[in-house]
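Following: one structure in structure tokens, then a few remarks.
The values are calculated or read from the model by the stated rules, or taken from the named source; none is laboratory data. Computed from a predicted model, the values in this text were never measured in an experiment. Cβ sites come from the backbone with ideal geometry, for glycine too, and all protein chains shown count toward neighbours. Note: areas computed on protein heavy atoms with side chains; ligands, DNA, RNA excluded. Shrake-Rupley method; radii C 1.70, N 1.55, O 1.52, S 1.80 Å.
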Amino acid sequence: MKILAVNAGSSSLKFTLIELPEKNVVASGLFEKIGISGSCYTIKYNGEKIKKEVNLVDHSVAVRILMEELINMGIISSLDEIEGVGHRMVHGGQEFTESVVLTEDVLDRVAKYNELAPLHNPANIMGVKAFMKALPNTIQVGVFDTAFHTTMKEAEYLYPVPYEWYEKYGVRKYGFHGTSHRFINKTISEYFGRNDLKVISCHIGNGGSITAIDSGKVVDTSMGFTPLAGIMMGTRSGDIDASMLSYLAGKTGKSLEELTNDLNKKSGLLGVSGVSSDSRDVEMAADEGNERAILAQEMYAKKIANYIAMYNNLLGGADVITLTAGVGENSKTMRKSIIEKIASLGVKIDDERNDFRGEFRLISTDDSKIPVYVVPTDEELMIAMDTMELKNKNN
Ligand code: ADP
């Protein structure tokens, strides 16, 4: 069956058409600058890529054009061939603990969490509504970034702040990248043929998070109330001392919103190196001797290593460490640097095994106390698989 996996942002819409159970990507593409001037779309199919510039006033227009192109390009012969649409939804609060069939009522419940993810949730909902209109008889499924993390216990998800902040305002750790961590846990657990693994899953891309998983359940994760927390990222600071905000507000005259924006968009690798948020650029600058780039690389690897060590303790000793996403899958330099910083756990990198990118592979030595694997993530596939499962259940 063909399933569409969709990720709708405020001005973009990414899609992947996947054939299941074969797991083949039939076509994929991106609609960009929706509602902004210069809008366009690209569709990849059969080894070819088309790009067209059109006026995309809103998500509904993008979806209508997508449906027309899927047929015109011969990717499908009728819209009925799309048997389900799975949507990446960022925030499901504490309420959505797994993927769900989306109806108008369910969307109203999801909208309650818009305040917690103001940039993402309203856009996700807009995307779903556009597909509901275009494919009214097709099952629409919501797959939440937060859902996998809802197994965390109070002692992990609460902040040591006045309790009523949690009770009245929902301030707690929610965690993100859940779909990726769930996919990684599923892949590595199937590989080991075990469902009781203790996994430290490191999703290190432009955004990044580390998750401690025991027997398929999240024990703790590094992102928090928002994706700003945890490890240092491309442009996000990760964990900081919150008092610097009021101090900086006084010093700079910036508002809390502006400072929070700086922490999200101007910090991390970019902020420290002054070079770029892309680890490839920072690596290159570091190789050329740029001291701030070297410092940024060092800090980046240290923050990740520290979380791994902390989660190893929390899990009472991990069975496996996995690395994924843009940096984890592709940067042998960063992988080596991280693993060298957890030497106290008896973890050792094998340089020959580590010399590759983008595949499922063991990169630690045979005598490493904890094996380390690179496991490419595939959130779209996970979304499509959840959608197929719910479709089969609801038939
Ligand atoms: P996200 O989904 O969070 O936007 P990705 O997982 O796609 O991010 O990761 C993107 C990041 O991966 C880039 O910013 C870059 O830093 C890093 N990256 C991608 N390819 C490489 C590579 N070959 N070497 C080093 N880093 C890479």
Equivalent ellipsoid semi-axes - Cα gyration tensor, region 60-191, angstrom:
33, 18, 11
Quick one: Karplus J couplings for region 357-369, per residue in order, coefficients 6.51, -1.76, 1.60, θ = phi - 60°, nearest Hz, x for Gly and Pro?
9, x, 9, 6, 7, 7, 10, 9, 6, 5, 9, 5, 5
Keeping all protein chains in the complex and leaving out DNA, RNA and ligands, what accessible area do you get for Val275 with a 1.4 Å probe, in Å² to the nearest 10?
60 Å²
Long-range amide H contacts for His120: which residues qualify at under 5 Å (H placed 1.01 Å from N, peptide plane, sequence gap of 5 or more or a different chain)?
none
Filtering the chain for DSSP H helices with an axial alpha carbon extent of at least 15 Å and a Kyte-Doolittle mean of at least 0.5 returns 59-72
Packing-wise, with mean Cβ within 10 Å as the measure, how do 264-272, 158-166 rank, highest first?
264-272, 158-166
Rounded to the nearest 0.05, what FRET efficiency do Glu298 and Arg194 have when you use their Cβ-Cβ distance and R0 = 30 Å?
0.30
Roughly speaking, to the nearest percent, how much of the chain's 1.4 Å accessible area is carbon and sulfur?
49 percent
Report the full-extension gain for the segment Glu352 to Glu104: residue separation times 0.36 nm, less the Cα-Cα distance, to one decimal in nm.
84.0 nm
Need one number: convex hull volume per residue for region 146-275, Cα atoms only, in Å³.
114 Å³
If the chain between Glu22 and Lys133 were fully extended at 0.36 nm per residue, the gain over the current Cα-Cα distance would be 37.1 nm
Long pairs among Lys33/Lys266; Lys186/Lys302; Lys303/Lys341, criterion Cα-Cα beyond 20 Å:
Lys33/Lys266; Lys186/Lys302
Cα-only Debye scattering, region 91-168: base-10 log of I(q)/I(0) at q = 0.17, 0.18, 0.26 Å⁻¹:
-0.72, -0.78, -1.29
Please compute the Kirkwood hydrodynamic radius over region 56-106, one decimal place, Å, based on all pairs of different Cα atoms.
13.5 Å
Cα-projected label distance for Asn206 with Met67, points at 7 Å along beta-carbon direction, nm
3.0 nm
I'm checking a number: the convex hull volume of the Cα atoms of the chain, normalised per residue, in Å³. What is it?
162 Å³
Limiting things to C-alpha atoms, what are the Rg and the maximum Cα-Cα separation (Dmax) for region 250-395, in angstroms?
18.8, 61
In nm², the average projected area of the convex hull spanned by the Cα atoms of region 21-102 is 7.2 nm²
Note, region 143-159: 3J(HN,Hα) by Karplus (6.51, -1.76, 1.60, θ = phi - 60°), whole Hz, Gly/Pro = x, goes 10, 8, 4, 8, 4, 4, 7, 6, 7, 4, 8, 3, 4, 8, 8, 7, 8
Take every Cα pair under 8 Å in the chain that's 6+ residues apart, average their separations, divide by the length, and report that relative contact order as a whole percent.
14 percent
Cα centroids of region 5-70 and region 207-232: how far apart, whole angstrom?
30 Å
Within-12-Å neighbourhood charge of Ile139 [Cβ basis; K, R +1; D, E -1]
-1
For a quick size check, give me the Cα extents of region 1-144 along its three principal axes, largest first, whole Å.
42, 39, 23
Points 7 angstrom from Cα along the Cβ direction at Lys153 and Thr42: gap in nanometres?
4.7 nm
Residue-span extension gain [Val161 to Asn395] - 0.36 nm each, minus C-alpha spacing
79.6 nm
Per the helix-only model, the chain has a calculated mean residue ellipticity at 222 nm (DSSP H runs of ≥4, -39500 (n - 2.57) each, divided over all residues, rounded to the nearest 500) of -11500 deg cm²/dmol
Pair Leu119, Glu257: separation of 7 Å Cα→Cβ label points (nm):
1.4 nm
